[in-house]
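Structure first, commentary second.
FYI, it's all coordinate maths here, none of it is from the lab. What you are looking at is a predicted structure, and each value in this text was computed from that prediction instead of being measured. We place every Cβ from the backbone using ideal geometry, glycine too, and count neighbours over all the protein chains shown.
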Amino acid sequence: MAKLSLSLEEGFDNDHVVVTVGRRSVLDERGVSTRYQISLACLKEIELAEGEDELFIALPERGLEARVPLGPSPPNHVRASVSRDGRSIATSTEDPVGYA
Amino acid sequence: MTSPADPSADRNGSDQIFAFDTEIAEEAYAEEALSDTAPQEAEAGLLPLPQPLPLPVPLPFSATSGRYVYTRRFNLPPVPIPVPLPGPRPIGAEEVLTQDVHAAALYQREEIQFDVDGAFPQMMISGTRSSFLSTVGHWVARVTRVAPGKYAGPIWYRNGTPNAIPHTFVSAQVTGGPLPASRKVSITFSGGGAASFTRTYAFESRYRRKIEFEYDRVDDAVAVTTVNTHGHPNRPVTLPNETLSIETVFRRAGFHATVSTGSGSIPINVAGPDALWTDQEMHDAMQIHWSRFANKPQWAMWVLFARLHVSGTNLGGIMFDSIGPNHRQGTAIFSHAFISTPPAGEANPSAWVARMRFWTAVHEMGHAFNLAHSWQKSLGAPWIALADEKEARSFMNYPYFVNGGQAKFFSDFAYRFSDSELLFMRHAPERFVQMGNEAWFSNHGFQQAALHSNPDFELNLSTTQPGDRFPYLMPPVIEVALANRSGRAKMLSGARISERADFTLIINGERKDPRIWMPYLRHCGEGDDRVLKPGEALYDSVIAGAGRNGWDMAEPGRYCLQAVMQIDGEPVYSNQVMVTVQPPSTREEERLGGDLFTPEVGQVISVNGTRDLDHVRDTLAKATELKDNPVSQLAAVTLATPLAYTYKLLVTEGQTVDEEARQKVETYKADPAAARKLIKQAVARGSGDSLINAMGHTRFLRDAPLVAALTRDDVPNSAEAFSTFSAVEIGAADAAPAVPLSDGLRAVLAAKADGLTQ
Ligand SMILES: [Zn+2]
């Protein structure tokens, strides 16, 4: 089983965040806020099952969604930030290295 | 056009000369830490060896930055009667009082942070005015060095009680002996429509505040509080080789940092059975283990060195205290997080890890000073709009976030905070910075190098002389532009900029006290309101060298000019222009100085001529003969202009007591032939362009119809007949064979004609 770590980084402000992999909900939390001293709102380790080829992130109250294709060799990390204008979710599969 | 003065040009000014080590022992160590560049400069042979100097002497001969204090004595009445400062001053010069008559009742004490030399000088002076009970006002001025030990510049930031700080400009002079205890700073506050005053502050400390760090280490963790700066070979080539402590980093940032005697170790079981730390567990541990814990604002911080946070190895450290009413009191470093894992192939793994742990410790402690990440300066609630500093080589940036990654970051990382961070730590209102005070991420940071200026407008000063250099005798002419940068149409007064009551032009000579330029005339009326479209500007030209104060820029030397005006109740600060007045190049110039630098000549040039005052006209006639000096052109125009029309002169006769004063009007006939001859000669001394530049663009535009009329036969009979003009008439002026202009200058004048103030 592949492991994926999801980092919700900048721009979260008391948000309801829903994350699914395939049809499975892996995160459904309210009050998610970025802590700017570590530039991080939430870290989540996700175990991926066979055939789960898409990560879906939504902030339903803000009408924001992002989809990250996982493919046959999924990334180790998915990082997500709400854009500075608050109108989209930017994602990246680059290693974040760490927070401080 | 002159570009705005680069404040960084003075950053490494030559006044950081030698650090005397004569302080009390406690501060002596810190002095060494602050003046880290001094030994290198001494080695370079540029600097004299320290030796006792007679008192009093002008500073600086050592670093003068630090905290200075003024306290009003109790035996003075609440609002003392101001006394003008002793010493001669020119007739008409502004009085400089010994007391702040505007806000004196509001405060008893003022503390200033003087930041012009030593480690990473920011060229700022800030002050806090307080009464017995509270802070009433805080100001910050950006200054430039105008002479040894002398700094001046505009106040760009104010906070606190309205009217506590009405002035807009400060000029500071350092005096005193080699011992810091005898050092003083005198500051003259001026501008802003308030009476100027001068106040002297006594030296207290090289630092803004004392601060105490308590380092507690959990049994299973590694604490790194020093680093060998040459421990890892990937570093700036110029980086001094030293064992650098966390305390020294903060001393260089302006704080007298010491380590608490309560520092020690914490048993691992405090973290709970999993040995991983949650934020709440750390907050609890802080209350138990920090010997100074008080849950109140204080200059003290608890630093926990632990092994791992419950979030895992992804978290290298955290300023965990955004809990409860008093934030930023405690911070933690996780020695075994990712910061203990060097990149694959790293050739110096242990040095890499040591450096990364040190970086993390200072980074987390920086958050406790309310510093945001470099790339997030604009987020949250910065004190004023901040720019992100994504590529900053600062403790507050993630090394692996910059272009080129951590290797590139450390290749030019000098173990320091950025200028905007130092500005904030040293000069922001104390409560924004102090631990346990302002909430985390609220009022963090200070915008670097930006004046708190009305953002809708840009006020620009420039000169038309190459390099802003003016030959001796030529009064510097400053071109002023006020542009609408708001992106929308703006309504504002069309009154002549230089004559508006809220326009202040400050002249700072390197050898003179700063002076506020005073116009000879103020035309009546406010002027009609003007609608300025986005990007449009109003223009004016100012003969800054001559004004009601006399000749403020007669002496050769360097002068810094800056203006401020109020629009919609907010100040608009101009750029600073450094103007050089050259020494006399000939005996004739030197000789003529005595005749030319009189109040009457200054006034006649400013108001564009007279048919009266023979001795003034004789002097101007001599000036027209000078070669390679635009003053010859200015003098010629000054002589020619009143010849262009029938000149009426009001003459008062009989000024003795016995004789009743009688007034009569003398009429002088126009003499266009003589005027034309003067203009023709003046153009021949340079060019049409140089003549217009010598006059000042808007001064020419206002008189252009006069000059144009010189080619016409129908000489009008009064100056008022020319009082209206348009771009078409400018064209007429251009067509006048007397003043042939280049296409470039013609375009400039056409633009300025559209934005000519009344
Ligand atoms: Zn951080």
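From other protein chains only, count the Cβ atoms within 10 Å of every residue's Cβ in A:33-45, then give the mean.
Mean partner-chain Cβ count within 10 Å for A:33-45: 6.
Summing Lys, Arg as +1 and Asp, Glu as -1, what charge do residues with Cβ under 12 Å from the Cβ of B:LEU561 carry, B:LEU561 excluded? Write out the running numbers ahead of the final one.
Details: positive: B:ARG515, B:ARG558; negative: B:ASP468, B:GLU479, B:ASP552.
Net local charge, B:LEU561 excluded: -1.
Strictly greater than 17 Å: what percent of every Cα pair in the stretch B:108-207 meets that?
51 percent
How long is chain A along each principal axis, judged by its Cα atoms, biggest number first, in Å?
Result for chain A: principal-axis Cα extents of 34, 29, 20 Å.
When the chain is fully extended, how far beyond the present Cα-Cα distance does B:HIS230 get from B:THR667, taking 0.36 nm per residue of separation? Display every interim value, and only then the final one.
On the way: separation 437, 0.36 × 437 = 157.32 nm, distance 8.42 nm.
Stretched fully, the B:HIS230-B:THR667 segment lengthens by 148.9 nm.
So between B:LYS680 and B:ASP502, what do we pick up on full extension, going 0.36 nm a residue minus the alpha carbon distance?
In short, 60.2 nm is gained.
Work out the FRET efficiency for B:GLU536 and B:SER265 from their Cβ-Cβ distance, taking R0 = 60 Å, and round it to the nearest 0.05.
It comes out at approximately 0.30.
Could you rank the peptides B:213-221, A:80-88 by their average count of other C-beta atoms within 10 Å per residue, with the highest value first?
Taking the mean over residues of other Cβ atoms within 10 Å, the ranking is B:213-221, A:80-88.
Find the percent of Cα-Cα distances in the stretch B:208-433 that exceed 26 Å, and round it to a whole number.
Distances greater than 26 Å cover 34 percent of the Cα pairs.
Hey, for a label at B:ARG591 modelled as a point 7 Å past Cα toward Cβ, could you say which residues of the stretch B:615-630 have their backbone N under 15 Å away?
Flagged as within label range: B:619-627.
How charged is the neighbourhood of B:ASN403? Take every other residue with its Cβ under 9 Å from the Cβ of B:ASN403, and add Lys/Arg as +1 and Asp/Glu as -1.
Details: positive: B:LYS390, B:LYS408; negative: B:GLU391.
Local net charge: +1.
How well do other chains shield peptide B:318-325, expressed as the mean number of their Cβ atoms within 10 Å of each residue Cβ?
Mean number of neighbouring Cβ atoms from other chains: 2.
Any idea how far apart B:LEU276 and B:ASN295 come out in nm if each label point goes 7 Å out from Cα toward Cβ?
For B:LEU276 paired with B:ASN295, the spin-label model returns 2.8 nm.
Show which lysines lie in cross-link reach of B:LYS184 when reach means a straight Cα distance below 26 angstrom and same-chain residues fewer than eight apart are skipped.
Within reach: B:LYS150, B:LYS210, B:LYS512.
Order these peptides, B:333-340, B:685-692, B:565-572, by their mean beta-carbon neighbour count within 10 angstrom, highest first.
Descending packing order for the listed peptides: B:333-340, B:685-692, B:565-572.
For the stretch B:207-295, treating each Cα as an identical point scatterer without solvent, what Debye log10 I(q)/I(0) comes out at q = 0.15, 0.20, 0.26 1/Å?
-0.75, -1.03, -1.26
When every alpha-carbon pair in the stretch A:12-58 is counted, what percent end up more than 11 Å apart? Don't jump to the answer; show the numbers that get you there.
Details: 747 of 1081 pairs.
Roughly 69 percent, rounded to a whole number.
So what's the projected area for the stretch B:192-249, the Cα convex hull averaged over all directions, in nm²?
Mean projected area of the Cα convex hull: 9.3 nm².
Net charge near A:ARG62: determine it from the other residues with C-beta under 11 Å of the C-beta of A:ARG62, scoring Lys and Arg +1 and Asp and Glu -1.
Charge balance near A:ARG62 sits at -3.
Expected output is a single nm value to one decimal: the length gained when fully extending between B:VAL237 and B:SER186, i.e. 0.36 nm times separation in residues minus the C-alpha distance. What is it? Walk me through the intermediate numbers first.
Values: separation 51, 0.36 × 51 = 18.36 nm, distance 3.98 nm.
Full extension from B:VAL237 to B:SER186 adds 14.4 nm.
Counting only the backbone N, which residues of the stretch B:271-285 are under 20 Å from the spot 7 Å out from the Cα of B:ALA439 toward its beta-carbon?
Of the residues in the stretch B:271-285, B:279-280, B:283 have backbone N under 20 Å from the label point off B:ALA439.
Calculate the mean, over all residues of peptide B:369-377, of how many other protein chain Cβ atoms lie within 10 angstrom of the residue's Cβ. If you can, show how the numbers build up before the last one.
Working: counts 0, 1, 1, 3, 6, 0, 2, 6, 0.
Per residue, the average neighbour count from other chains is 2.
What distance in nm separates the two pseudo spin-label positions at B:THR598 and B:GLU570, each 7 Å out from Cα along the beta-carbon direction?
Reported label-point gap for B:THR598 and B:GLU570 is 4.8 nm.
Could you list the trypsin sites (Lys or Arg not before Pro) in the stretch B:409-500 that lie in coil according to DSSP, counting only those with at most 15 other Cβ atoms within 10 Å of their Cβ?
B:ARG485, B:ARG488
Under a point spin-label approximation (7 Å from Cα along Cα-to-Cβ), what is the B:ALA387-B:LEU650 distance to one decimal in nm?
Here the answer is 5.3 nm between the modelled labels.
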